[in-house]
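Working notes, beginning with the structure itself.
The values are calculated or read from the model by the stated rules, or taken from the named source; none is laboratory data. Values in this document were obtained by computation on a predicted structure and should not be read as measured data. No Cβ is skipped: glycine too gets one built from the backbone with ideal geometry, and neighbour counts run over all protein chains shown. These area figures cover heavy atoms from the full protein model, side chains too; ligands, DNA and RNA do not enter into them. Shrake-Rupley method; radii C 1.70, N 1.55, O 1.52, S 1.80 Å.
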Amino acid sequence: MHSLADTQPAIALGALDGRYRGAVAPLVDHLSEAALNRMRVHVEVEWLIHLTDAGILDGVRALVDGEKEALRDAVEQFDGDDIAELAEIERETVHDVKAVEYYLKRRLTQIVADAGHDDAEQLSELIHFCCTSEDINNLSYALMVQRATQQVWLPKATTLVEQVATMARDMRDVPLLAHTHGQPATPTTMGKEFAVLAHRLGRQLRRIGGQEYLGKINGATGTFGAHTAAVPSADWPALSKSFVAGLGLTWNPLTTQIESHDWQAELYADMARFNRILHNLCTDVWTYISMGYFAQVRGQGTVGSSTMPHKVNPIRFENAEANLEVSSALLDVLGSTLVTSRLQRDLTDSSMQRNIGTAFGHSVLAMDNVARGLGGLDPVPGAMAKDLEANWEVLGEPIQTAMRALGAQGVPGMEQPYERLKELTRGRRITGDDLREFVRGLDLPSDVEARFLEMTPATYIGIAPQLVDYLEV
């Protein structure tokens, strides 16, 4: 049998780079291996510029504007040829960050010559100066995750939460029979239930939006040892802090060889929680569809079943559930493993962080499916009304509660209200006529009796519609 591994172009092993590539493509610019190398080049370039601007070494000039621009252009124009060149260098170095250093020295040599200077060899010694690989990597990952979150994940999540919030407002007045433990319960509105989900999701977005992204550049064990040995006159903590802050990150002054990754664990926990709330939305909407409360009618030119032509399956929500579970599992393991390292350094984080893109990708894919699924739904108020009309027993709650209030006020005849309503409603269905007859026999004050004679399951929704207005999304 022909090996598919030999097929060209190469066949993707994972679903994100194969079947679902289109949905997650925006993450490639931020969380792929190529994006990591481009960001490493960016950090190395900025460190070189930072050091030469600081003038910490006598006899070493600052780069002129044209040289700085050319170096930064090397980052902006980083493409497939650069990826291939780096891969070639890494085959010799067998070290990815060292390959970036050699790659950038090649670029600097040409840039300095083009600027009419002859000190490229001298300047190149400041590329990766005093750096351990993790100095470059931790900053690169912080910038990658920051941009992937702020430019891809958060906009996608925000748009989805706004979609849920819009549906909540549109359905704020649509009565719905609630179910607690799967059993008929106090009615609500479909809008209020969607508002709960939008509120929960929005709260996580606010946490994620306020996330700190930490970085460090302090040497092999976080002591500035090589720095102070080579240039003892420089204020290395200040240089480190200004550099990290200049990249748009928060400086971490106390680390081992690695930045401790605690901020990553915090971010991934919040993202996983968002995923799980979204999973809750999927299972609820799936259930509402199965109960006939929503019709899947828009944009449904698909095949629901290979044998049953009537079916329109809730595939978007099922697909989302699976991808949310994969994403959450990866985010969990990222958060739990990245915060530990043997003594000052081990490489478990290096392998682990290469899965960040996959964790983000499954979450983005899930959000895409949820948005498409929600966009294909139409509420069916008639189906909801039918279930409400079939469950008059849910009015036992407000009647017995009103009787308790009256009894507390000394109104006679209000004894054992819960037990009397339990006898009427427990384990049996009653009609509106049954309930009204019961109410007339309770000897309630006339205004209370009139209120309950007019009440129906569809009108017993409390202030559910008004609660939707508390949404901040």
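Some points to look at:
- Cβ separations smaller than 7 Å between residues 6+ apart or across chains give the following pairs from the stretch 249-262 residues that are over 12 Å from residue 345 (Cα atoms) to residues that are among the β-branched types (Val, Ile, Thr): 251/244; 261/339; 262/339.
- The set of residues in the stretch 325-341 that are open to solvent by less than 10 Å² (accessible area, probe 1.4 Å) and without any contact (Cβ under 8 Å) to a residue 60 or more places away in the chain comprises 327, 328.
- Taken across the stretch 5-24, residues that are charged (D, E, K, R) and open to solvent by less than 20 Å² (accessible area, probe 1.4 Å) do not occur at all.
- The stretch 231-254, subset touching a Ser or Thr at 6+ places or on another chain (Cβ under 9 Å) and surrounded by 14 or more Cβ atoms within 10 Å (Cβ to Cβ), residue nearest to residue 136 (Cα to Cα): 244
- Check on residue 15, among the hydrophobic types (A, V, I, L, M, F, W, C), farther than 24 Å from residue 150 by Cβ and at pLDDT below 95: yes
- Scanning the stretch 106-131 for residues that are over 16 Å from residue 51 (Cα atoms) and not in a helix (DSSP H, G or I) gives 115, 116, 117, 118.
- Wholly within the stretch 358-473, helices (runs of 4 or more DSSP H) carrying at least 1 residues that are small (Gly, Ala, Ser) and under 20 Å from residue 281 (Cβ atoms): 381-389, 464-467
- Enumeration of residues in the stretch 189-230 that are of a type in the set (A, V, I, L, M), open to solvent by 10 Å² or more (accessible area, probe 1.4 Å) and in a loop (DSSP other than H, G, I, E, B): 220
- Entry remark, the stretch 142-171: residues being among the charged types (D, E, K, R) and open to solvent by less than 60 Å² (accessible area, probe 1.4 Å) number 0 in total.
- Meets criteria (free of Cβ contacts under 8 Å to residues at least 60 places away in the same chain and surrounded by 15 or more Cβ atoms within 10 Å (Cβ to Cβ)) for residue 356: no
- Across the stretch 62-76, the number of residues qualifying as closer than 18 Å to residue 33 by Cβ and either in contact (Cβ under 8 Å) with a residue 60 or more places away in the chain or open to solvent by 80 Å² or more (accessible area, probe 1.4 Å) (or both) comes to 0.
- The lone criterion from (1) touching a Phe, Trp or Tyr at 6+ places or on another chain (Cβ under 7 Å); (2) open to solvent by less than 40 Å² (accessible area, probe 1.4 Å) left unmet by residue 378 is number (2).
- Extreme residue, most open to solvent (accessible area, probe 1.4 Å), among residues of the stretch 45-61 that are among the acidic types (Asp, Glu) and without any contact (Cβ under 8 Å) to a residue 40 or more places away in the chain: 58
- Scanning the stretch 417-424 for any residue that is open to solvent by less than 30 Å² (accessible area, probe 1.4 Å), within 45 Å of the chain's Cα centre (by Cα) and in contact (Cβ under 8 Å) with a residue 24 or more places away in the chain turns up nothing.
- Unmet criterion (only one of (1) at pLDDT 95 or above; (2) within 30 Å of residue 256 (Cα to Cα)) for residue 320: (2)
- Filter result for residue 107 (out of contact with any strand residue (DSSP E or B) (no Cβ under 6 Å at 6 or more places or on another chain), at negative phi and open to solvent by 70 Å² or more (accessible area, probe 1.4 Å)): no
- Close contacts from the stretch 101-119, counting a first residue that is among the acidic types (Asp, Glu) and a second that is in a loop (DSSP other than H, G, I, E, B), with Cβ to Cβ under 6 Å and a gap of 6+ residues or different chains, come to 101/127; 101/128.
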